[in-house]
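Written out below as C-alpha cells is the structure these notes cover.
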Amino acid sequence: MGFTGQNIVVASADTGVRWTHDALKPHYRGWDGQNADHDYNWHDSIHNSVSNPCGNDSPFPCDDFFHGSHTTGTAIGDDGGTNQIGMAPGAKWIGCRNMDQGTGTPDRYIECMQWFLAPTQIGGGNPDPTKAPDITINSWYCPDTEGCSFDTLQAAVEAQAAAGIMMVSAAQNAGPSCSTVSGPPGIYEATYTVGALTTGTDTIASFSSRGPVTADGSNRIKPDISAPGTSTRSASNTADNAYTFADGTSMATPHIAGAMALLWSAIPSLQHQLTASRDALNNSAVHIDSTQCGDAGPPNNVYGWGRVDIFAAVGGGTPTPTPTATPTATATPTASPTATASATATPRPTPTPRSGPSPRPRPTPLPRP
C-alpha cells in the first residue's frame, strides 16, 4: 500500500545501537547519506560503567550487548538488499542507552525518558521538544534488584503519554504462570504492553508473561496485544553485516512499535492520539480466547486483544487467523532473550530447531523483555 513508516521517528531505549550497521545506518535520523550528526539523535545515560566496550557517555550510538541493535532492527531495519528485517523501514530511529551490558537503574531509565521528552545536543545542551520521537521501544523491565518498586517509574511513563509519545513495552519473560507481568514499565496503564507469540502461530510463547497485574493491586489486564516473538532474525552488534536470531517479548515489542509507525504513516490524523491508536490496533487484532488467567475476553491476560494485524488496522482487510501450534510441555525460561549465533548477512529461510530453551547470553533477568 506504500506505507512504510514515512515521517515517523522511533526511538530505541535499550543497550544502545550499532548505528553503522548496514540495516540501521540508512534509517538513522542523524545520517543524511554523507555525514553524521548525533546531536538530538543520541544520548547515553551510562556514566559510571567499568570496562564497558562502549565506555561512558558515548558521543555516538554504540551497543554494548546486541539487544538494542536487534530490537531497533525489527522495528525499522532494511539494508536495501535481502535483509528486510524491519516492520517500518521508512521510519527514522534515534536512541538512548539505558543499560550497562543489560543492567539498568531507575536513574538510567528515567534519564532516557526525560531525554525523549526534549532531546539535546551531545553533552546535554539546548533541549528541543520538537525533536522528540513519536514512538519508543522498551524491551526491558526494572526489577526490585535494580531498585524499582511498582510505582518507581510511573510518573516518568505517564509523562511520555502526556507528551503524546507512544511508549511500547515488553510484557517480560516470566511465563507461563499468571500475574508474571510484575515490574515496571510494562505493568502501567500508560504504556502499550506486548506479549510474545510463537512465530507463525496464534499460540502464546511459553515464556511470555501473563496478567493480571497484582504488583500494584490493580488487577489490570496485561499484556495489551501480542506479536511474533520467537526465532526473530535481526541485526546484531558484532559487525555491520551481522544478524542473529533471538526469542523473547523483547522481540515482540519492536514488532508493535513498527506497526504503530505504519499506522501513523498511513493515517496521519492518528499521530500522537494514543488511545485512538491503541484502539485501532486492538480492535483489528485477531482475537485469541484464553481462560488461563481470567476471563476469555477480549482482552484477556494471556494474549491481550490478540495478534496484531496492521494491514487490517489501516483498512486493508479482515484479519485472518493463523494455525494454532500444538501445545508442548513448558520449561521455565529465563527472563532475557535467547540469541543463537549468526554473524553472516545471508538470510536463513527457516529457524534452527530447538529441543528446549537455548542458553541465554547473560544471566537472568538482564536484559529484560
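Which entry is the computed percent of Cα pairs over 32 Å apart for this structure: (1) 42; (2) 37; (3) 22?
(3)
Quick one: if the Förster radius is 30 Å, what FRET efficiency do ASP289 and THR214 give, using the C-beta to C-beta distance and rounding to 0.05? Mind dumping the intermediate values first?
Numbers: r = 22 Å, r/R0 = 0.74.
Using R0 = 30 Å, I get an efficiency of 0.85.
Please give the per residue accessible area of the range 13-101, computed with a probe of 1.4 Å over protein heavy atoms only, in Å².
In whole numbers, the range 13-101 has 34 Å² accessible per residue.
Looking only at Cβ-Cβ distances, which cysteines of the chain have no other cysteine closer than 4.7 Å?
If one checks each Cβ against the other cysteines of the chain, every cysteine finds a neighbour under 4.7 Å.
Place a point 7 Å from the Cα of THR103 along the Cα-to-Cβ direction; which residues of the range 28-66 have their backbone N under 12 Å from it?
Inside the label zone: 48-52.
I'd like the distance separating the alpha-carbon centroids of the range 1-55 and the range 178-241, in whole Å.
Rounded to whole Å, the Cα centres lie 23 Å apart.
Given the DSSP H assignment, sum -39500 (n - 2.57) over each helix run of at least 4 residues in the chain and divide by its residue total; what's the result at 222 nm in deg cm²/dmol, nearest 500?
-5000 deg cm²/dmol
Using a 1.4 angstrom probe on heavy atoms only, work out the carbon and sulfur share of the accessible area of the chain in %.
Carbon with sulfur: 52 percent of the solvent-accessible area.
³J(HN,Hα) across the range 171-188 via Karplus (A = 6.51, B = -1.76, C = 1.60, θ = phi - 60°), whole Hz, x for Gly/Pro?
Whole-Hz 3J(HN,Hα) from phi for the range 171-188: 7, 5, 10, 10, x, x, 6, 7, 6, 9, 7, 10, x, x, x, x, 7, 7.
Near LYS92, which lysines are there with a Cα under 27 Å away, not counting those fewer than 8 places off in the same chain?
LYS25, LYS131
How far is the Cα center of the range 72-122 from the Cα center of the range 265-296, in Å?
Rounded to whole Å, the Cα centres lie 23 Å apart.
Per residue, how large is the accessible surface of the range 128-263? Use a 1.4 angstrom probe and give square angstrom.
Using a 1.4 Å probe on heavy atoms only, each residue of the range 128-263 averages 25 Å².
The values are calculated or read from the model by the stated rules, or taken from the named source; none is laboratory data. Predicted model, so just to flag it, every value in this text is computed and none were measured. Note: ideal-geometry Cβ built from the backbone for every residue, glycine included; neighbour counts use all protein chains shown. Side chains are part of the model used for accessible areas, which takes the heavy atoms of the whole protein and leaves out ligands, DNA and RNA. Shrake-Rupley method; radii C 1.70, N 1.55, O 1.52, S 1.80 Å.
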